[in-house]
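Worksheet: one structure, shown below.
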Amino acid sequence: MRAVGAALRSREAAVALVLVLVVAGTTVLQPGFLLSAGGWRDLLLTPSLVAVLAVGQAIVVVTRNVDLSVGSVLGLCAYLTGTLFAAAPDLPVVLVVAAAVAAGAVLGLVNGVVVAFARVPALVVTLGTLYAYRGLVLTWAGSDRIDASDMPHAFLDLGVRQVLGVPVLAIVAVLVLAVAAHYLHTSRAGRQLYAIGSDPDAAVLYGLPVRRRILTAFVACGALAGLAGVMFAARYGTVSSGAGTGLELTVVGAVVVGGVAIFGGSGTVLGAATGAVLLVTINRALPVVGVPDFWQRAVVGVLIITAIVLDRVLADRRARALARARDVRNPQEVAR
Amino acid sequence: MTTVPAHGSPLWRRALLTREAATIALLVVVWSVATASVRGFDGPLTITYLILDITPVLLVALPMTAIVVTGEIDLSVASVVGLSSVLFGLLHQAGVPLPAAVAGAAVAGALCGVVNGVLVAYLGLPSLAVTIGTLALFRGLAVGLLGTAAVTDFPRNWTQAARATLGGTPFPSVTVLLVAAVAVFAVLLHGTAFGRNVFDMGRSKEAARFSGVATRRTLLVLFVLSGFVSALAGVYYTLRYGSARGDNATGLELQVIAAVLLGGVSIFGGRGAVHGVVAGVLMIGVLSSALRLEGVTVNLINIVIGVLLVLSVVSPRVVAAIRARRPARPPSTSLPAASPSVQ
Amino acid sequence: MKFSRSVAVLVAAGAALALTACGGAADDAGGGDGVTVTMLPKNLGNPYFETSTSGAEEAAGELGLALEEVGPETSTPDSQVPFINTSAQQGVAALVVSANDPRAIGDALDEARAAGTKVVTFDSDTDPEFRDIFVNQATAEGIASKQLELISEQIGGSGEIAILSASANATNQNAWIELMEAQLASDYPDIELVEIAYGDDDDQASFDKTAALLQAHPDLKGIVSPTTVGVAAAARYVSTSEFKGKVAVTGLGTPNQMREYVEDGTVTAFALWNPGDLGYLAAYAASALVDGTITGAPGETFEAGRLGEFTVGEDGVVLLGDPFVFDASNIGDFDF
């Protein structure tokens, strides 16, 4: 009983449990969802992209900021990937990936500079760049698009190839997650991100390099959105100017569901990534179990609201428990 | 307006130097440039279409102004517009008389506001997170109820009424509704005790509560108003475009927030005025209209709106920073206003 | 707040600059005082309309028209209306539009016609009362029976098939699907239509929808997608899955998007008319309306350059011709 309680208090475990239930339930109704080769692959492959975005978003959200421009950054970088391949089909894949990630980092840097130096709320800045970056893609791409035939097979294969039954893109997502988790959990800079998020004023007074850290967070988020853009191009094989439109909602939803507090200071990238896998998998499960997929967004909304209400209830309960513990201890102290 | 000493300059000068005045001046400049250099902008249809286009944005921006002044935000408005549009269409399809369908949609919108209001005001949850959730939820309900189908068989006299002009003038009849709504919100926000409470809450919720403001009830009322007005905008949207669809008005919240901030409302709460927001809405409308007339497609309009939004919040900071470096002046205000926060 | 003056000047200068800069560019593009025609596709960034617009530009060059393409990002009627309004404001001679809804844009079209603009619909029609001429790519019966012919051939005349359509209220697709359902019932008793899915003419949605279809119906033998975005996404999914060679994919696609999948064997054959010719004919019809050669009454005839003479049919419909089948033997001859 206590183990169950502890597991439920760990948001990562709770979300993972829900995920397992969703997969199990869907598989019972439609065995191909998990047990066919394609089902197994899609289960791992489809969420990879959103998971990478969610990891980047989580890094920003723990600093009590938010990046709404990730969908537009993804679109720009995916189109860049396709354009580079179309212009020079012989470019090494690694180089193109690096270029797209760098482009994403630059876009993230723009967000970060405005947020950190002009001290403007991230919500407003990234709402603006969400528009502006999307406008850039649309202006650049016009009504052109990148088709599968514009990109080399070696690259497109990355979107479907598997190593020991695990899709390459899923491996990429796991690596990103591992590196980010390690950085946030153990490095001094990573811990400072949490400190900044839990009390920005105190962080300034304590002398933490607040601006530099916030800049780093936005650059990381942009770079990961750029990487997600490459993954988009490899996975879908077609990039139009609308690629990634509206993804920011799913990503912020995934982060919140995964237990990263929207007001910063707590939560893990593992939780965010698990939240992303959960949201995407629910989206995929609904049509398979016969619920018209039009309801997907409503389900996502309910999940987000449930997650924040749950957070509040648990936080209140913890606060009450602490207060009770103090009240119990104090009389003894008085008696002593 | 804290930087202007009470005894400093005469009233007219203070009125001219407000943030709102800046937006209005900018609007006049943009309008003049458009009239002078954009072919077709001085035509009679421009005003008609401009007002028809900005109506939903302006309607939704009014309660949004009050909400942002309290330091909160409502990102779910466009989804409420979409949901009420769908409900209006479905009620019509089910044979409900149109006036009753309007009432039904309005009630649904108010209920959406109740959901947001209770979660934010009574559970104390961050409005940003709550309304991102309800943005998804309400849009999901709208799309779920109607799929990608559309209801389009509204009576011609209703759809034409939504676009008709007031006899002989270029002004659409909906202008009357807009003027009334602006007047109501201007009085509510700037001329009543309720409005003073809203501003007090924006400066400090704690202080407002201690001085006896019913902060929870005020917030709830604002969110309900926001839902209700968004639903009216949804009905208008449906009739103007002759179709009730689940994806109607997707992304409208971005234009609304851009207009509100462009109009000089502080995202940190406590400051803003209705006339500035009206100017902000008009600015986005005029820019879009002029750029479209120039044959510029939607993409450049979005870049301009995005850049304007960022500029409108960044430029006061930059100017303040420059001024703070001038040796003649005492260092401006207090601490570097916390560090950037989500809201 | 004295700084607001500087703010105003700063922002005003930027905005004015943007306006005048665009003004200059557009004036150059406008090109003289010739007859102006506005081309308004369902949305931008769609290769199908890209091709139809180049066809219209070719015709405009021959006729000396000033042609301008505008359009929304997403294919919804409400986003199309402002562009129709703008045409009315500009008083263009003719508007060539592919309607996102048969009724919703009717009032706006009426206003444009009241302002003296001739309205030609192409590709997707409105109710006849809202336009002067509809340039039809092929009869709905012809399109429906051609696709059934193709799928029946490819799956050997019996088994389960599914349809992957555009959006649920797309005028064309719904008309074709209705006819296909009727013909299936009467002429193909052994073929069962198990599901109609909607990919909203969005790559990612269509791709994921294909995955869901294949999982929900393990015995599926074929997918018919009567939309260029859908058929390419379906082919891409199938070509990278274990269903390649087992599940037939056909429908309406453009050669450039489908080349890859015809070459790798995923797709045997698919159909389409030439969208370039469609745009070309629509521009000629617009010009004939403007110079008074035709009014939209049945029986009138007009010349359409390299395509020859056309006759206006019932309800003001001009028919381009029969759908064309592309396969491995001829796909190399086309580039659009």
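The values are calculated or read from the model by the stated rules, or taken from the named source; none is laboratory data. Since the model is a prediction, treat every value here as computed from it, not as a measurement. In this analysis, Cβ positions are derived from the backbone assuming ideal geometry, glycine residues included, and neighbour counts consider all displayed protein chains.
Summary table
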{"quantity": "Elements of type strands (runs of 3 or more DSSP E) in the range C:99-215, at least 1 residues being surrounded by fewer than 23 Cβ atoms within 10 Å (Cβ to Cβ) and of a type in the set (A, V, I, L, M)", "calculated": "C:191-198"}
{"quantity": "From A:Gly104, A:Gly75, residue being more than 15 Å from A:Val239 (Cα to Cα), assigned to a helix (DSSP H, G or I), more than 7 Å from chain B (Cβ to nearest Cβ) and modelled with pLDDT of 90 or more", "calculated": "A:Gly104"}
{"quantity": "Selected residue (only one of A:Gly265, A:Gly259, A:Gly253, A:Gly271 is touching a helix residue (DSSP H, G or I) at 6+ places or on another chain (Cβ under 6 Å), more than 27 Å from B:Thr250 (Cα to Cα) and within 12 Å of chain B (Cβ to nearest Cβ))", "calculated": "A:Gly265"}
{"quantity": "Output for the range B:53-81, where each listed residue is closer than 25 Å to C:Glu111 by Cβ and in contact with a Phe, Trp or Tyr (Cβ under 9 Å, 6 or more places away or on another chain)", "calculated": "B:Thr55, B:Pro56, B:Leu59, B:Val81"}
{"quantity": "Where a residue in the range B:194-217 is closer than 18 Å to B:Leu119 by Cα and its partner, wherever it lies, is not in a helix (DSSP H, G or I), with Cβ under 8 Å and at least six apart", "calculated": "B:Met201/B:Thr70; B:Met201/B:Gly71; B:Met201/B:Val213; B:Met201/B:Gly269; B:Lys205/B:Thr70; B:Lys205/B:Gly71"}
{"quantity": "Residue in the range A:308-323 that is farthest from B:Gly144 (Cα to Cα), counting only those that are more than 8 Å from chain B (Cβ to nearest Cβ) and under 23 Å from the mean Cα position of the chain (by Cα)", "calculated": "A:Asp311"}
{"quantity": "Residue within the range B:56-78 that is touching a Ser or Thr at 6+ places or on another chain (Cβ under 8 Å), in a helix (DSSP H, G or I) and surrounded by fewer than 23 Cβ atoms within 10 Å (Cβ to Cβ) present", "calculated": "no"}
{"quantity": "Every residue from the range C:34-85 that is within 8 Å of chain B (Cβ to nearest Cβ), touching a Phe, Trp or Tyr at 6+ places or on another chain (Cβ under 8 Å) and not in a loop (DSSP other than H, G, I, E, B)", "calculated": "C:Pro77, C:Asp78, C:Val81, C:Pro82, C:Asn85"}
{"quantity": "Lone unmet requirement of (1) more than 9 Å from chain A (Cβ to nearest Cβ); (2) in contact (Cβ under 8 Å) with a residue 24 or more places away in the chain for C:Phe243", "calculated": "(1)"}
{"quantity": "Criterion (touching a residue at least 24 places away in the same chain (Cβ under 8 Å) and buried (at least 24 other Cβ atoms within 10 Å of the Cβ)) met by exactly one of B:Leu232, B:Leu261, B:Leu252, B:Leu225", "calculated": "B:Leu261"}
{"quantity": "From B:Ala36, B:Ala66, residue being without any contact (Cβ under 8 Å) to a residue 12 or more places away in the chain and among the hydrophobic types (A, V, I, L, M, F, W, C)", "calculated": "B:Ala36"}
{"quantity": "Subset tally (residues that are buried (at least 18 other Cβ atoms within 10 Å of the Cβ) and under 19 Å from the mean Cα position of the chain (by Cα)) for the range B:189-203", "calculated": "5"}
{"quantity": "Number of positions in the range B:214-267 that are outside any helix (DSSP H, G or I) and closer than 23 Å to B:Ala105 by Cβ", "calculated": "10"}
{"quantity": "Search result, residues across the range A:111-124 that are hydrophobic (A, V, I, L, M, F, W, C), closer than 23 Å to B:Val260 by Cβ and touching a residue at least 40 places away in the same chain (Cβ under 8 Å)", "calculated": "A:Val115, A:Ala122, A:Leu123"}
{"quantity": "Enumeration of residues in the range A:158-190 that are part of a helix (DSSP H, G or I) and without any contact (Cβ under 8 Å) to a residue 40 or more places away in the chain", "calculated": "A:Val168, A:Ile171, A:Val174, A:Leu175, A:Ala178, A:Val179, A:His182, A:Tyr183, A:Thr186, A:Arg188, A:Ala189, A:Gly190"}
{"quantity": "Strands (runs of 3 or more DSSP E) contained in the range C:246-336 and holding at least 1 residues touching a residue at least 40 places away in the same chain (Cβ under 8 Å)", "calculated": "C:248-251, C:269-272, C:317-319, C:324-327"}
{"quantity": "Any chance B:Gly246 is touching a strand residue (DSSP E or B) at 6+ places or on another chain (Cβ under 9 Å) and within 24 Å of A:Leu130 (Cβ to Cβ)", "calculated": "yes"}
{"quantity": "Number of the exception - A:Ile305 against (1) within 26 Å of B:Leu128 (Cβ to Cβ); (2) more than 14 Å from chain B (Cβ to nearest Cβ); (3) among the β-branched types (Val, Ile, Thr)", "calculated": "(2)"}
{"quantity": "Scope the range A:145-156; condition more than 9 Å from chain C (Cβ to nearest Cβ) and assigned to a helix (DSSP H, G or I); matching residues", "calculated": "A:Asp150, A:His153, A:Ala154, A:Phe155"}
{"quantity": "Restricting the range B:38-77 to residues that are of a type in the set (A, V, I, L, M, F, W, C) and within 12 Å of chain C (Cβ to nearest Cβ), the residue that is nearest to the chain's Cα centre (by Cα)", "calculated": "B:Ile54"}
{"quantity": "Residue within the range C:167-188 that is among the small types (Gly, Ala, Ser), under 27 Å from A:Tyr79 (Cα atoms), in contact with a Ser or Thr (Cβ under 7 Å, 6 or more places away or on another chain) and at pLDDT below 95 present", "calculated": "yes"}
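Residue-wise test of (1) within 20 Å of the chain's Cα centre (by Cα); (2) closer than 25 Å to C:Asn46 by Cα; (3) not hydroxyl-bearing (Ser, Thr, Tyr).
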site: C:Asp127; (1), (2), (3): yes, yes, yes
site: C:Gln137; (1), (2), (3): yes, yes, yes
site: C:Ala144; (1), (2), (3): yes, yes, yes
site: C:Tyr188; (1), (2), (3): no, no, no
site: C:Lys209; (1), (2), (3): no, yes, yes
site: C:Asp219; (1), (2), (3): no, no, yes
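So that you can scan it fast, the table gives a plain yes or no per residue for (1) aromatic (Phe, Trp, Tyr); (2) away from chain B (no Cβ under 11 Å); (3) closer than 22 Å to B:Leu291 by Cβ:
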residue: C:Ala112; (1), (2), (3): no, no, yes
residue: C:Pro128; (1), (2), (3): no, yes, no
residue: C:Phe134; (1), (2), (3): yes, yes, no
residue: C:Gln154; (1), (2), (3): no, yes, no
